[in-house]
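> Take a look at this one; I'll ask things after.
The values are calculated or read from the model by the stated rules, or taken from the named source; none is laboratory data. These numbers come from a predicted model, not from an experiment. Cβ: placed from backbone, ideal geometry, glycine included. Neighbour counts: every protein chain shown.
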Amino acid sequence: MIRNPSSVAVIGSGISGAVCASILARGGVSVTVFESGRGPGGRMSQRRETTEDGKELLFDHGAPYFSVEHSDEVMSVVSSWESRGLVAEWKEKFGCFDRSTAKFLDFKKEGTSKKYVGVPGMNAICKALCYEPGVEAKFGTIVAKVDMLQDRGLWLLSGLDGQVLGQFDGIVATDKNISSPRFTGLTGRLPPLDISLSPELAVMMQDIPVRSCFVVMLAFSEPLSSIPVKGFSFKSSEVLSWAFCDSSKPGRNHIPPNSECWVLHSTAEYAASVIARTGLRKLSNETLAKVAQELFQEFLASGLNIPQPFFMKAHRWGSAFPVAAAIGGDDNCLWDETKKLAICGDFCASPNVEGAILSGMRAASKFLGSMSSL
């Protein structure tokens, strides 16, 4: 039965889900966003930490920034966000550090595209989109199961204790909320949407590469003046891939005076080695503390005269930065017209924030297009 999707549930409030929800609401669809976390953002979230002496620290511990290089549509959306003050260009110098020679390469050529960040945090974009008129956001709400009511052509969402969260004409699902080979096992519970409900999409979801990443959040009581850039990639390091000075971003007025906050990203190979030893699910505090030390020791080994931080903590992203895979084809999303089911995310378009935004836009257009054709 083909129906007009007047109500849609979006499971996941990362950038693709948030963009999709916003566009649907503007198109007259009643949208409910379900997010298991305390707030929106997904891998664009901001981490709040408190030191032993009561200092509050905020870190963009997922995507540090994003660029728009391929899509004029996405650029138009980002420009509108910039005019609203949700994003700003991060104009600091970036570079590349050769671990084998302990020298910076010609950093003038490193990353020529504009780098955008959310203001005052990367999650500002998703937060604004999830609170737009027509979008009802339910944070801290776990969708444990998604069922298709075949006789009524509706989707039924249930919580952990079996309570009904709502019935919807259509559904949008993102990455870890889909029961597929890529995402199964990334959390301590099974993803709510069984992709076998849509056999055609299930085939497309198979064998998508998974790549995990560890990050360590560092806070220093003084600027790292020995480092000539505010962000740099690592060459010839088996442990670190990137380092970013989080406090150098525009709008970061919450940093304690004279302090400097950095975020280090591990290599995929390092993350895979840790997970091979400890497992994919939630890691112990002891393991995370060891990871933090190992990443920081590699930072120290650069010979850049780095002092001891007054705060250090590691975080694991189960499928943080996808391998170059775009299963959505020209649609940049997955769409089941008869079931009114859309799947979106960076893995559907391109493995970056730009791809996630585009995928969310495309998923919304599928729903709106199905409405106009009725």
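Yes/no matrix, rows are residues, columns are (1) buried (at least 16 other Cβ atoms within 10 Å of the Cβ); (2) over 20 Å from ALA349 (Cβ atoms); (3) at pLDDT 95 or above:
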residue	(1), (2), (3)
ARG38	no, yes, no
SER71	yes, no, yes
THR101	no, yes, no
PRO120	yes, yes, yes
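> Another question, then. Assuming ALA219 fulfils every condition listed in (1) surrounded by 20 or more Cβ atoms within 10 Å (Cβ to Cβ); (2) under 22 Å from the mean Cα position of the chain (by Cα) apart from one, which condition is it?
(2)
Residues checked against (1) part of a loop (DSSP other than H, G, I, E, B); (2) in contact with a helix residue (DSSP H, G or I) (Cβ under 7 Å, 6 or more places away or on another chain); (3) not assigned by TED's automatic domain parsing to the domain that holds LEU368:
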position	(1), (2), (3)
SER16	no, yes, no
CYS20	no, yes, no
THR32	no, no, no
ASP53	yes, no, yes
LEU57	no, no, yes
VAL68	yes, yes, yes
GLU73	no, yes, yes
VAL77	no, yes, yes
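> For residues that are more than 21 Å from ALA63 (Cα to Cα) and touching a Phe, Trp or Tyr at 6+ places or on another chain (Cβ under 7 Å), scanning just segment 275-309, find the one that is modelled with the lowest pLDDT.
SER302
> Which members of segment 283-304 meet the condition of being exposed (fewer than 13 other Cβ atoms within 10 Å of the Cβ) and over 24 Å from PHE234 (Cα atoms)?
SER284, ASN285, GLU286
> Among (1) under 21 Å from TRP242 (Cα atoms); (2) in contact with a Pro (Cβ under 9 Å, 6 or more places away or on another chain); (3) at pLDDT below 95, there is one condition LYS109 misses while meeting the rest; what is its number?
Checking LYS109 against (1) under 21 Å from TRP242 (Cα atoms); (2) in contact with a Pro (Cβ under 9 Å, 6 or more places away or on another chain); (3) at pLDDT below 95, the one that fails is (2).
> While we're here: Provide a single number: the residues in segment 335-353 that are buried (at least 23 other Cβ atoms within 10 Å of the Cβ) and either under 13 Å from SER16 (Cα atoms) or without any contact (Cβ under 8 Å) to a residue 12 or more places away in the chain (or both).
Number satisfying all stated conditions: 9.
> Can you find, within segment 338-356, the residue that is modelled with the lowest pLDDT among those that are part of a loop (DSSP other than H, G, I, E, B) and over 19 Å from VAL31 (Cβ atoms)? Give the steps one after another, and end with the answer.
First pass over segment 338-356, keeping only residues part of a loop (DSSP other than H, G, I, E, B): 338-340, 345, 349-352.
From the residues that got through so far, the ones that are over 19 Å from VAL31 (Cβ atoms) too are 338, 349-352.
Numbers: THR338: 91, ALA349: 91, SER350: 90, PRO351: 87, ASN352: 91.
Only one residue fits best here, namely PRO351.
> Inside segment 130-156, can you point out the residues that are in contact (Cβ under 8 Å) with a residue 60 or more places away in the chain, in a strand (DSSP E or B) and among the charged types (D, E, K, R)?
Step one: filter segment 130-156 for residues in contact (Cβ under 8 Å) with a residue 60 or more places away in the chain, giving 130, 132-143, 146, 148, 153, 155.
Next, only the ones that are in a strand (DSSP E or B) stay: 135-139, 146, 148, 155.
Those that are in contact (Cβ under 8 Å) with a residue 60 or more places away in the chain, in a strand (DSSP E or B) and among the charged types (D, E, K, R): GLU136, LYS138.
> Something else about it: Name the single residue that is nearest to VAL10 (Cα to Cα) among those in segment 162-206 being in a strand (DSSP E or B) and at pLDDT below 75. First the steps, then the outcome.
Within segment 162-206, the subset in a strand (DSSP E or B) is 164-168, 170-174, 178-179, 193-194.
From what is left, the residues that are at pLDDT below 75 are 178-179.
Numbers: ILE178: 12, SER179: 16 Å.
Taking the candidates together, the pick is ILE178.
> Sticking with this structure for a sec: Only one of ALA63, ALA9 is in contact (Cβ under 8 Å) with a residue 12 or more places away in the chain, outside any loop (DSSP other than H, G, I, E, B) and at negative phi. Can you tell me which? Break it down into steps so the answer makes sense when it comes.
Numbers: ALA63 fails: outside any loop (DSSP other than H, G, I, E, B).
Just one listed residue meets the conditions, ALA9.
> If you don't mind, another one. Collect the residues in segment 243-267 that are assigned to a helix (DSSP H, G or I) and charged (D, E, K, R), keeping them in residue-number order.
First, the residues of segment 243-267 that are assigned to a helix (DSSP H, G or I): 246-248.
The answer is ASP246, and nothing else.
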